[in-house]
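Visitor: Take a look at this one; I'll ask things after.
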Amino acid sequence: MDWRWDFTFETVLPRILPGLWVTVEVTFLSFALSLVLGLFLMIARRSTIRPLSVAAGEFIEFMRGMPLVVVIFFLFFLLPEIGIFLAPFWTGVLAMGIYNAAPVAEILRGGLQAVPKGQWEAAHVLNYSTYRTWRQVILPQAVKPVVPGLGNLLILAFKETPLLSFVAVPEMLDAARRIASETYRFTEPLTVVGILFLILSLFSAVLIRLVERHLLTETRHGK
Amino acid sequence: MSRSPIAILVPLAFLAGLYFAVFSSVAQFLPALLNGLTVTVSVAVPSILLAYAISLLAGLGRLSSIAPLRWVSVVYIEVFRGVSLLVVLFWLYFVLPEFGLTLSAYTAALLGVSLNAGAYGAEIVRGAVRAEPKGQYEACVTLNMPPLRKYARIILPQALVIAIPAMTNMTIELLKGTALVSAVTLVDLTAAGVRQNQLTYRTVEIFSVLALIYFCLAQIVRFSGARLEHVFNRHLGER
Amino acid sequence: MANEKIRFEGVTKRFGALTVLDKLDLSINDGEVVTIIGPSGSGKTTVLRCLMTLESIEDGLIRIDGEPLNKMESEGRLVPASNAHLRRMRLKLGMVFQSFNLFPHLTVLQNCVEPPIFALGVTRDEARSRAQELLDMVGMGDKQAHYPAQLSGGQQQRVAIARTLAMQPEILVFDEPTSALDPETIEEVTSVIRSLAVKHSYTMLMVTHQIAFAHDISDRICFFDKGRIVEQGPPAAVIDAPTEARTQQFLRKVAQAR
């Protein structure tokens, strides 16, 4: 094996680190979009209007079996055809935002279901208004079980960003592939990308575990 | 899953028929997509079997009382859960030859997909084994069950049934993962779709058919999982 | 005097800062039926779990037939027991759990047939005919092909007793065998245990809250509190005419609860 450190530090890292920034941007922007869409999807899913809840349910089910790269390619090809011209970056944000909306909706729904039915009934017999019921009884209890799920999904989203290199979003893997095609050296760029992903995923997993533990102790003190 | 597969597949077949009727262009690109589908399936099926085997080995390895076995499992699980499948695929195909190990595109795809899914599966197996009630272990102790028999006959058969729903999801994720094997130059269903799209620009039709096929594959996995769970859970009652 | 079967010598068990068994001395003769009663949290069940080697003990020695259980002799000294030693010693012991702990994925017959094959090395035919005999004895002969989840609690516990007997132990340990049962199925289990105590020569050690049942079948009652034996003797003494204030108080509470 022939690993060149000068190449690693002088060419690979300086070109991949900006890609890392793009990766982080895409992750958070698309996740914010997923949260908003997921919230609407969850509300539609719980709606009493049957066609709406059925449609939301089918959409979630449908998206769960669909590879993300299919969604990415679809938007990438479709948008220009219908006259919408976006930079690949924003197409990527849109694709990942839509794709992860379904799991977000499921996690939010799970959080609401984790609130015992007795809590709704207690708020009802105490004559709480709908607003007060949600604000003071339901949401505070629903948030805690939701956090670890959303955290894990965020890490998953982070790990899915390299798929955007298929449509030339300049994230880390795209940068690595460009370096490789210019220099015919695959070892350093691809290994550096792999190690960066590993470090960041492990780091964020630890972070989520800390947040989770913090929430748990808070609940215990709360009682 | 309470819905019967027929209730899902019949409307799907109907929709597929509708597509043929409305979009005659489907006939143009469908053969290419079906070729892609055979590649997808030929990667997915052996990968699924391999991933299950890896899940079991690494999951049990992580619970092992033998420390080196535990370390190897932990490192494997954390590395493959931490790094994107796409990066792994590139690495196996383009970097591994640098270490003197050249894999064919098919082998690299198979290994990448199954090692990735196996890392998630290992955590599922571990969770299921640990979810086994303490009383089962204690009964094994008082009945003097030898360790190997204890796992093979008592703990694993129960744990694997508990693991079926999560393993079903893992299998669907694996199936979705095969859509990335174009990274190692295989022309799978997705890659075939993209190619056809560049030839015909029938974006909506092509991607609808693509989505339908993936949906059907996922439904097949989901249905098999539900069946399996039903069969094995028949006697176990509420747990 | 009969032979000593089990002997606890200064057995101490702690969970963290909590001392559950405090230098327990207890001797049980061959064929004797001993029942431990006492308030919850008094360490009754821990005695059984230490005997079954489900818990390790911090200090002291347990002997069975004079041979150390939690230790073994090596070059004239006592060293911590190896797994092989524990396995060999455990062959003399059989335990019936409060929560049955049947294997839910095996049929009633398989539950009773498989353990002896693995642990005793008997042939499948041998194990099967013995299991069928035992299932007949506990009145479960017609349910051989059922799975545990298809049975009532009382039925499951009778199967668990048959499974324990299939291992041909010399000592039977019962950990609150009726506590997880619906009231109407308690009788079917106690009558099986009673017949074991009366008709067979097993040495039995039991923890139960069924005071009347304990009175019926026991040769000796030990009243346990805070990790120690407060009072022991024949049922006619300990239950009918207790001398210790704590025993009197406990029995009064149990009687009131009825």
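Visitor: For the protein assembly as shown, what is the percent of antiparallel DSSP beta bridges, rounded to the nearest 5?
Guide: Bridges in the protein assembly as shown that DSSP calls antiparallel: roughly 60 percent.
Visitor: Cα-based Rg (one decimal) and Dmax (whole number) for the protein assembly as shown, in Å?
Guide: Rg and Dmax of the protein assembly as shown, Cα atoms, are 32.3, 102 Å.
Visitor: Now for a different question. Which of C:184, A:171, C:126 has the fewest other C-beta atoms within 10 Å, and how do the rest follow up to the most?
Guide: Taking fewest neighbouring Cβ atoms as first place, the list is C:184, C:126, A:171.
Visitor: Using R₀ = 25 Å, calculate the FRET efficiency as 1/(1 + (r/R₀)^6) where r is the Cβ-Cβ separation of residue B:72 and residue B:42; round to 0.05.
Guide: Working: r = 30 Å, r/R0 = 1.19.
Plugging the Cβ-Cβ distance into 1/(1 + (r/R0)^6) gives 0.25.
Visitor: Same structure, new question: Taking all pairs of distinct Cα atoms, average 1/r, flip it, and tell me the Kirkwood hydrodynamic radius of segment B:5-233 in Å to one decimal place.
Guide: Taking every pair of different Cα atoms in segment B:5-233, averaging 1/r and inverting gives 19.7 Å.
Visitor: If one computes P(r) from the Cα atoms of segment A:32-76, what percent of pairs lie at distances over 13 Å?
Guide: 62
Visitor: Same structure again: Using just the helices of chain C, give the 222 nm mean residue ellipticity in deg cm²/dmol: DSSP H runs with n ≥ 4 each add -39,500 (n - 2.57), and the total is spread over all residues, rounded to 500. List each step's numbers first, then the result.
Guide: Numbers: 9 runs with 98 residues, N = 258.
For chain C, the value works out to -11500 deg cm²/dmol.
Visitor: Shifting gears a bit: Using the Karplus equation 6.51 cos²θ - 1.76 cosθ + 1.60 (θ = phi - 60°), what ³J(HN,Hα) coupling, rounded to whole Hz, does each residue of segment C:220-233 give in order, writing x for Gly and Pro?
Guide: Once θ is set to phi - 60°, the couplings for segment C:220-233 become 8, 10, 10, 8, 10, 8, 6, x, 10, 7, 8, 7, 9, x Hz.
Visitor: Same structure again: Give me the one-decimal nm value for the distance between modelled label points at residue C:78 and residue B:232, 7 Å along each residue's Cα-to-Cβ direction.
Guide: Placing both labels 7 Å along Cα→Cβ, they lie 4.5 nm apart.
Visitor: For segment C:99-258, what D do you get in µm² per second when you plug the Kirkwood radius from alpha-carbon pairs into Stokes-Einstein at 25 °C and 0.890 mPa s?
Guide: Values: Rh = 17.1 Å.
Using the Kirkwood radius from Cα pairs, D works out to 144 µm²/s.
Visitor: In what order do A:131, A:99, B:201, B:120 fall by count of nearby beta-carbon atoms within 10 Å, going from fewest to most?
Guide: Ascending number of Cβ neighbours within 10 Å: A:131, B:201, B:120, A:99.
Visitor: Taking only complete DSSP H runs, can you tell me which helices of chain A stretch 27 Å or more along their own long axis by Cα positions and average at least 0.5 on the Kyte-Doolittle scale? Display every interim value, and only then the final one.
Guide: Details: long enough: A:13-46 (48 Å, 1.44); A:88-113 (38 Å, 0.69); A:139-160 (30 Å, 0.85); A:187-222 (52 Å, 0.96).
TM-like helix candidates: A:13-46, A:88-113, A:139-160, A:187-222.
Visitor: Taking a label point 7 Å from the Cα of residue A:7 along the Cα→Cβ vector, which residues of segment B:77-105 have an amide N closer than 17 Å to it?
Guide: So the set is B:91-101.
Visitor: Provide the FRET efficiency to the nearest 0.05 for the residue A:205-residue A:39 pair, computing r from the beta carbons and using R0 = 25 Å.
Guide: Once rounded, the FRET efficiency stands at 0.50.
Visitor: Okay, next question. Dividing the Cα radius of gyration by the Kirkwood radius, what Rg/Rh value follows for segment B:124-213?
Guide: In segment B:124-213, Rg relative to Rh is 1.34.
Visitor: From the phi angles alone, apply the Karplus equation (6.51, -1.76, 1.60; θ = phi - 60°) to segment B:195-200 and give each ³J(HN,Hα) in whole Hz, x where the residue is Gly or Pro.
Guide: 4, 4, 5, 5, 7, 10
Visitor: Please report the net charge: other residues with Cβ closer than 15 Å to the Cβ of residue B:71, K and R +1, D and E -1.
Guide: So the environment of residue B:71 carries a net charge of +2.
Visitor: Which ³J(HN,Hα) values, rounded to whole Hz and listed in residue order, are derived for segment C:185-197 from phi using the Karplus coefficients 6.51, -1.76 and 1.60 in 6.51 cos²θ - 1.76 cosθ + 1.60 with θ = phi - 60°, glycine and proline given as x?
Guide: For segment C:185-197, the Karplus-derived couplings read 9, 4, 4, 5, 7, 4, 5, 5, 5, 4, 5, 5, 6 Hz, x marking Gly and Pro.
Visitor: Counting each DSSP H run of 4 or more residues in chain A as -39500 (n - 2.57), what helix-only mean residue ellipticity at 222 nm follows after dividing by all residues, to the nearest 500 deg cm²/dmol? Don't jump to the answer; show the numbers that get you there.
Guide: On the way: 8 runs with 168 residues, N = 223.
Theoretical 222 nm ellipticity from helices: -26000 deg cm²/dmol.
Visitor: Separation of segment B:173-231 and segment C:1-64 by C-alpha centroid, Å?
Guide: Between the Cα centre of segment B:173-231 and that of segment C:1-64, the gap is 63 Å.
Visitor: Right, something else. What is the Cα radius of gyration of segment C:123-163 over 2.2 N^0.38 Å, N being its residue count?
Guide: Against the empirical 2.2 N^0.38 Å value, I get 1.11 for segment C:123-163.
Visitor: Also, I was wondering about something else. With r as the distance between the Cβ atoms of residue C:198 and residue C:253 and R0 = 30 Å, compute the FRET efficiency 1/(1 + (r/R0)^6) and round to 0.05.
Guide: For R0 = 30 Å, the calculated efficiency reads 0.55.
Visitor: Could I ask something else about it? Report, for chain C, the % of DSSP beta bridges that are antiparallel, rounded to 5.
Guide: Antiparallel: roughly 60 percent of the beta bridges in chain C.
Visitor: Something else: Compute the separation of the alpha-carbon centres of segment C:206-258 and segment B:55-101 and state it in Å as a whole number.
Guide: 59
Visitor: What ranking of C:196, B:180, A:215, C:102 emerges when the number of other C-beta atoms within 10 Å of each C-beta is taken as an exposure proxy, fewest first?
Guide: Ordered by Cβ neighbours within 10 Å, fewest first: A:215, C:196, C:102, B:180.
Visitor: Work out Dmax and Rg for segment C:1-127 from the C-alpha atoms and quote the Rg first, both in angstrom.
Guide: Just the Cα atoms of segment C:1-127 yield Rg and Dmax of 16.6, 50 Å.
Visitor: I've got another one for you. Dividing the Cα convex hull volume of chain A by residue count, how many Å³ per residue is that?
Guide: Hull volume over Cα atoms, normalised by residue count, gives 156 Å³.
No lab work stands behind these numbers, since they all come straight from the coordinates. These numbers were taken from a predicted model, which means no experiment stands behind them. For neighbour counting, all protein chains shown are included, and Cβ atoms are generated from backbone atoms with ideal geometry for every residue, glycine included.
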